[in-house]
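Heads up, the thing below is written out as structure tokens.
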Amino acid sequence: MNKVEFDLCDEKVTQEVWANLESTIGFLLPVTMKNHYKEFNGGQPIPSFVHDKKCLFPVNAFDSVGDMLENFKWNSVDSIPKGFKTKELLIFAYDPGSGSFAVSLRECDFGKIYFYVLELEAIIYAQWNSFDEFIHSFVEDKNE
């Protein structure tokens, strides 16, 4: 994995802004996610592909903390995968289409990252055990 850089980021996240996010969602988020957002508040990743054990997935951009809060408030049962209730996923990034990358807030799999696409219903296509594993799965697209 190459080091991931980010372009077009928002202003740096302060401790107060991060605390507001965690207070709103009702959970302390994984430390690796917090550390990432202290360095890069949203933005476009370079390289821009992540992989699970089988496939490559494009990542268009990460949301800023402000956008994550808006997504969390907007999240409805029609836009999340089966097995999840509203407010059990926090979207933090998206692909060029209708796919979302989200961290689970459920007790049974807290901190796990899911990639799902909203088609007729939301379908999970990939997962990573942690934000750290997700960040370390960025690679260059071999077809470029």
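The values are calculated or read from the model by the stated rules, or taken from the named source; none is laboratory data. Keep in mind that this is a model prediction, so the values were computed, not measured. No Cβ is skipped: glycine too gets one built from the backbone with ideal geometry, and neighbour counts run over all protein chains shown. All accessible areas refer to the heavy atoms of the entire protein, side chains included, with ligands and DNA or RNA removed. Shrake-Rupley method; radii C 1.70, N 1.55, O 1.52, S 1.80 Å.
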### Query
Give me the pairs: first residue in segment 35-59 and at positive phi, second residue at pLDDT 95 or above and surrounded by 17 or more Cβ atoms within 10 Å (Cβ to Cβ), beta-carbon distance under 7 Å, and six or more apart or on different chains, which are they?
G42/A61; G42/F62; G42/D63; G42/S64; G43/A61; G43/F62
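Find the residue count for segment 87-105, including only residues that are open to solvent by 10 Å² or more (accessible area, probe 1.4 Å) and assigned to a loop (DSSP other than H, G, I, E, B).
6
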### Hits in segment 121-130 - residues which are touching a residue at least 60 places away in the same chain (Cβ under 8 Å) and surrounded by fewer than 18 Cβ atoms within 10 Å (Cβ to Cβ)
Y125, Q127, S130
### Query
When segment 15-68 is examined, which residues are found to be in contact with an Asp or Glu (Cβ under 9 Å, 6 or more places away or on another chain) and either among the charged types (D, E, K, R) or at pLDDT below 90 (or both)?
K34, D63, D67
### Query
Looking at segment 74-118, which of its residues are of a type in the set (A, V, I, L, M) and closer than 19 Å to Y37 by Cα?
L89, L90, I91, A93, A102, V103, L105, I113
### Task
Considering every residue within segment 100-120, establish whether at least one is more than 23 Å from F27 (Cβ to Cβ) and without any contact (Cβ under 8 Å) to a residue 12 or more places away in the chain.
yes
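Within the group E5, E11, which residue is open to solvent by 60 Å² or more (accessible area, probe 1.4 Å), out of contact with any strand residue (DSSP E or B) (no Cβ under 6 Å at 6 or more places or on another chain) and among the charged types (D, E, K, R)?
One residue alone meets the criteria, E11.
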### Among residues of segment 117-134, those that are within 16 Å of L56 (Cβ to Cβ) and more than 10 Å from the chain's Cα centre (by Cα), counted
6
### Task
Could you tell me whether any residue of segment 69-86 is within 19 Å of L8 (Cβ to Cβ), surrounded by fewer than 20 Cβ atoms within 10 Å (Cβ to Cβ) and basic (K, R)?
no
### Message
Cβ-Cβ distance below 7 Å, separation of 6 or more or different chains: which pairs start in segment 7-34 with a residue that is under 23 Å from K112 (Cα atoms) and end on one that is open to solvent by 80 Å² or more (accessible area, probe 1.4 Å)?
### Response
V13/K38; E22/L28
